[in-house]
Amino acid sequence: MKFCDACGGILIPKMGSNGTELECRSCKAVYRVESEDLKISAKHSEKTTARINILEKDKTGLPITEILCNKCGHKNAYWWMQQTRSGDEPETRFFKCTKCGNTWREYD
Ligand SMILES: [Zn+2]
Ligand SMILES: [Zn+2]
């Protein structure tokens, strides 16, 4: 089983826009994975999903990545994945500047 580096939550396999990914059940951090890791994690997740406690998501709980804010020029932003349309659509990655709070989405 894989655990989130940011919050220690359990990672659930899913299909993302860039291929196979693991998504944290707690803070929605997303990790790229190798195909072999996915099989192992998928097997475990089916049994553990019901027992997972969803933690409150706050600003400091979000993972931070190195990306340039086009508003203030700061180079660190929180990020998360969010479903923008139907469940068939891939999730979109959003960023929020840790300095000025500017929020934007990543376009493919
Ligand atoms: Zn997490
Ligand atoms: Zn900014």
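Throughout, read-outs are computed from the coordinates displayed, never taken from laboratory work. In this text the structure is predicted, and so the values were computed from the model without any measurement. Here the Cβ is made from the backbone with ideal geometry for all residues, glycine too, and neighbour counts use every protein chain on show.
Worth pointing out:
- The H on the amide N of Leu68, modeled in the peptide plane, is under 5 Å from the matching H of no residue at least 5 residues off or on a different chain.
- The listed peptides 90-103, 61-74, ordered by packing as a protection proxy, come out as 90-103, 61-74 (highest mean of other Cβ atoms within 10 Å first).
- Distance violations [Cα-Cα > 28 Å] among Lys2/Lys71; Lys2/Lys96; Lys14/Lys96; Lys14/Lys99: Lys2/Lys71; Lys14/Lys99
- Rounded to whole numbers, the Karplus 3J(HN,Hα) couplings from phi for the range 66-71 are 8, 8, 7, 7, 7, 9 Hz, using 6.51 cos²θ - 1.76 cosθ + 1.60 with θ = phi - 60°, and x at Gly and Pro.
- Backbone amide hydrogens, once placed in the peptide plane, bring Ile12 within less than 5 Å of Glu23, Cys24, Arg25, excluding anything fewer than 5 places away on its chain.
- Stretch gain in nm, segment Lys71-Met15, where the contour uses 0.36 nm per residue and the Cα spacing is subtracted: 17.0 nm
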